[in-house]
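Data first, discussion second: the structure below is written as structure tokens.
The values are calculated or read from the model by the stated rules, or taken from the named source; none is laboratory data. Fair warning: this is a prediction, and the values are worked out from it, not measured in the lab. Ideal geometry is used to build each Cβ from the backbone, glycine not excepted, and the neighbour counts take in all protein chains shown.
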Amino acid sequence: MVRRQLAARGIADRRVLAAMAAVPREEFVGPAQVRDAYGDHPLVIGSGQTISQPYIVALMTEAAHLGRRSRVLEVGTGSGYHAAILARLAGHIWTIERLPELAATARRQLAATGADNVTVLVGDGTAGYPPAAPFDAILVAAAAAAPPPALLRQLAPAGRLIIPVGPLDVQDLLVYERTPSGIAARSLCACCFVPLIPSGAGTHGGAAPLAV
């Protein structure tokens with residue numbers, strides 16, 4: 001996967017490649033999908049959600065420019081796979097999932113793979129997580145018509161919001177960076193994600209720690 005799907009397609013950050021090689025993707029899919037866990041495509045994980053294609057996970061992670069002390073917010077925990085990748089690269093990850101059943105499963109899977117610097121939250125990811133803001137990077141694994149203003153406000157100086165933006169059939173994977181002169185945006189590629197749906201649940205601006 002790392003050689004053929006990632007490095008061959010331009011992913012060059014050695015830390016990202018090492019993280020993608022180290023995290024067992026099969027631990028984050030259902031038993032019937034284990035044999036296809038490293039395929040070059042997304043996989044359904046239940047509740048109408050997916051685990052993203054490995055290349056997209058790597059591309060978003062590389063674009064975040066993470067350091068060992070980076071504070072990262074992920075919106076759309078899903079299976080927990082991307083949070084497990086981020087946990088190997090950054091200081092702490094806060095990840096928000098609107099579906100409690102997915103969040104509970106992700107928390108167990110993250111613990112089983114040793115990702116002890118991840119806080120799993122249940123709530124409305126469009127509101128971000130103000131108690132831990134500002135963030136050096138915010139990664140959103142669901143498509144929006146426009147970047148949620150709360151997420152842009154919670155970026156640290158030079159922080160980056162990576163989010164698919166556009167209609168449901170196809171989106172642009174965009175990077176919004178906070179610069180001294182304002183927010184700058186650039187496109188990474190075309191993509192197709194499930195929609196970002198505000199849940200209206202939780203506390204502290206939409207997200208509450210998960211207790212299981």
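Report whether or not Glu74 is part of a helix (DSSP H, G or I) and either touching a helix residue (DSSP H, G or I) at 6+ places or on another chain (Cβ under 6 Å) or at pLDDT below 95 (or both).
Numbers: part of a helix (DSSP H, G or I): no; either touching a helix residue (DSSP H, G or I) at 6+ places or on another chain (Cβ under 6 Å) or at pLDDT below 95 (or both): yes.
Taking the combined requirement at face value, the residue does not satisfy it.
Kindly list, by first and then second residue, each pair from a residue in region 146-172 that is within 12 Å of Gly128 (Cβ to Cβ) to a residue that is acidic (Asp, Glu) and assigned to a strand (DSSP E or B), limited to pairs with Cβ atoms under 6 Å and residues at least 6 apart or on different chains.
Gly159/Asp136
Mind checking whether some residue in region 31-40 is surrounded by fewer than 20 Cβ atoms within 10 Å (Cβ to Cβ), among the hydrophobic types (A, V, I, L, M, F, W, C) and touching a residue at least 12 places away in the same chain (Cβ under 8 Å)?
Yes, that holds for at least one residue.
Please go through region 129-174 and pick out each residue that is among the hydrophobic types (A, V, I, L, M, F, W, C), surrounded by fewer than 16 Cβ atoms within 10 Å (Cβ to Cβ) and over 14 Å from Leu73 (Cα atoms).
So the first thing to find is which residues in region 129-174 are among the hydrophobic types (A, V, I, L, M, F, W, C), and the list is 132-133, 135, 137-146, 150-152, 155-156, 158, 161-163, 165, 168, 170, 173-174.
In the following step, the residues that additionally are surrounded by fewer than 16 Cβ atoms within 10 Å (Cβ to Cβ) were identified as 145-146, 156, 158, 168, 170.
Correct list: Ala145, Ala146, Ala158, Leu168, Val170.
For region 88-138, name all the residues that are at pLDDT 95 or above, assigned to a loop (DSSP other than H, G, I, E, B) and of a type in the set (Ser, Thr, Tyr).
Once the filter is applied, which keeps residues that are at pLDDT 95 or above, assigned to a loop (DSSP other than H, G, I, E, B) and of a type in the set (Ser, Thr, Tyr), region 88-138 yields only Tyr129.
Can you give me the number of residues within region 174-183 that are farther than 18 Å from Leu66 by Cα and in contact with a strand residue (DSSP E or B) (Cβ under 7 Å, 6 or more places away or on another chain)? Walk me through it before giving the result.
Of all residues in region 174-183, those farther than 18 Å from Leu66 by Cα come to 180-183.
Next cut, in contact with a strand residue (DSSP E or B) (Cβ under 7 Å, 6 or more places away or on another chain) only: 183.
So the answer is 1.
Checking the condition surrounded by fewer than 19 Cβ atoms within 10 Å (Cβ to Cβ) and either assigned to a helix (DSSP H, G or I) or at positive phi (or both), which residue from Ala19, Ala7 passes?
The unique qualifying residue is Ala7.
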